[in-house]
Amino acid sequence: MFLNKHKVETKNKINMNNIPKHIAIIMDGNGRWAKKRGLPRIYGHKAGIKTVKKVVKVCSDLSVKYLTLYAFSTENWKRPTDEVNGLMNLLIEYLSNEVDELNKKNVKVIFIGDLSKIPDKCNYEIFKAEEKTRNNTGLILNIAFNYSGRNDIINAVKKICDKVVSGQLKTSDINEDIINKNLYTYGQPDPDLILRSGGELRLSNFLIWQSAYSELWFSDVLWPDFNEDDLIEAIVEYQKRNRRFGGL
């Protein structure tokens, strides 16, 4: 188990009976990490993949049920073409290299976002990864790719409107549950904890409906330098908070 490999004081701090069921992460700082070293930005993204592997392992070992990683936003298309192409190739590389290990660890891979806009070669690897891990019962790894929180809501509204027009729904039937059922994350609980690396203090269009009552935690650590102890620190801080959900 992961916890046996780390400091005694870290192990003693964490309450294994209060592990967040769903952790979502904005993986920020790859480009700045590379710039500090005089390297092209893509090298930061490559280094960030190593952190992804560590975080997936820790969450699996801690019996976190859902982990959602913000891998590529709809706004990221504005970046230089060579960086975007590099990110697409990194996705292919990650899936082709890691899917067997993820499957071995009983991890179920799910992609959320508008996959119609990404290259066919990426969709092929996504399809293979989702199919291979479809029946796994351990950690559910959501990879948000070409994802936008606002688009998630817009798409849900369109689906609901179609159902109203076709007579399947009445406008009076529309409530939070109906909207939840039409989001990319349907069937999953909202994130208990959203953390962001890299020092920025915003959600950047990530899970904006689902994050209504999420606990937020921000780290100055750039994503490639983010490690197991940083994740444990976030969970320990989460466990100190009193989640009232609007009550007393």
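The values are calculated or read from the model by the stated rules, or taken from the named source; none is laboratory data. What you see is a predicted model; the values in this text were computed from it and never measured. Don't worry about glycine lacking a Cβ; one is built from the backbone with ideal geometry, like all the others, and counts go over all protein chains shown.
Condition first: in contact (Cβ under 8 Å) with a residue 12 or more places away in the chain, closer than 26 Å to Leu203 by Cα and assigned to a loop (DSSP other than H, G, I, E, B). Can you find one or more residues in the stretch 40-63 that meet it? It would help to see each step written out before you state the result.
As a first pass, look at the stretch 40-63 and keep what is in contact (Cβ under 8 Å) with a residue 12 or more places away in the chain: 41-42, 44-63.
Then drop every residue that is not closer than 26 Å to Leu203 by Cα, which leaves 41-42, 44-60, 62-63.
In the following step, the residues that additionally are assigned to a loop (DSSP other than H, G, I, E, B) were identified as 62-63.
Yes, some residue in the stretch 40-63 is in contact (Cβ under 8 Å) with a residue 12 or more places away in the chain, closer than 26 Å to Leu203 by Cα and assigned to a loop (DSSP other than H, G, I, E, B).
On the given criteria, is Asn151 surrounded by 16 or more Cβ atoms within 10 Å (Cβ to Cβ), part of a helix (DSSP H, G or I) and not small (Gly, Ala, Ser)? Quick ask: steps written out before the conclusion?
Details: surrounded by 16 or more Cβ atoms within 10 Å (Cβ to Cβ): yes; part of a helix (DSSP H, G or I): yes; not small (Gly, Ala, Ser): yes.
Answer is yes for this residue.
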Pairs please, first residue from the stretch 202-218 and among the hydroxyl-bearing types (Ser, Thr, Tyr), second anywhere and surrounded by 17 or more Cβ atoms within 10 Å (Cβ to Cβ) and at pLDDT 95 or above, Cβ atoms under 6 Å, 6+ apart in sequence or on different chains.
Ser211/Ile194; Ser214/Pro191; Ser214/Ile194
State all residues of the stretch 64-104 that are part of a helix (DSSP H, G or I) and of a type in the set (A, V, I, L, M); if no residue qualifies, say none.
Val84, Leu87, Met88, Leu90, Leu91, Ile92, Leu95, Val99, Leu102
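Within the stretch 105-127, count every residue that is assigned to a helix (DSSP H, G or I) and in contact with a helix residue (DSSP H, G or I) (Cβ under 7 Å, 6 or more places away or on another chain).
Final tally of qualifying residues: 6.
Table: residues versus (1) under 21 Å from Asp190 (Cα atoms); (2) among the hydroxyl-bearing types (Ser, Thr, Tyr); (3) under 16 Å from the mean Cα position of the chain (by Cα).
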site	(1), (2), (3)
Gly44	no, no, no
Thr51	no, yes, yes
Val55	yes, no, yes
Cys59	yes, no, yes
Tyr66	yes, yes, yes
Ala71	yes, no, yes
Asn76	no, no, yes
Arg79	no, no, no
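Out of Asn182, Asn142, Asn146, I need the residue that is touching a helix residue (DSSP H, G or I) at 6+ places or on another chain (Cβ under 6 Å) and in contact (Cβ under 8 Å) with a residue 60 or more places away in the chain. Which one?
The match here is Asn146.
One line per residue, one yes/no per condition, for (1) at pLDDT 95 or above; (2) in contact with a Gly (Cβ under 6 Å, 6 or more places away or on another chain); (3) over 17 Å from Ile112 (Cα atoms); (4) not in a helix (DSSP H, G or I):
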{"site": "Gly187", "(1), (2), (3), (4)": "yes, no, no, yes"}
{"site": "Glu200", "(1), (2), (3), (4)": "yes, no, yes, yes"}
{"site": "Ser204", "(1), (2), (3), (4)": "yes, no, no, yes"}
{"site": "Leu207", "(1), (2), (3), (4)": "yes, yes, no, yes"}
{"site": "Trp217", "(1), (2), (3), (4)": "yes, no, yes, yes"}
{"site": "Val221", "(1), (2), (3), (4)": "yes, no, yes, yes"}
Please work out which one of (1) farther than 16 Å from Gly31 by Cα; (2) buried (at least 17 other Cβ atoms within 10 Å of the Cβ) is the condition Glu93 fails and give its number.
(2)
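Can you spot a residue in the stretch 73-96 that is acidic (Asp, Glu) and more than 24 Å from Ala47 (Cβ to Cβ)? Steps first, answer last, please.
As a first pass, look at the stretch 73-96 and keep what is acidic (Asp, Glu): 75, 82-83, 93.
Filter once more, keeping what is more than 24 Å from Ala47 (Cβ to Cβ): none.
No - not one qualifying residue is present in the stretch 73-96.
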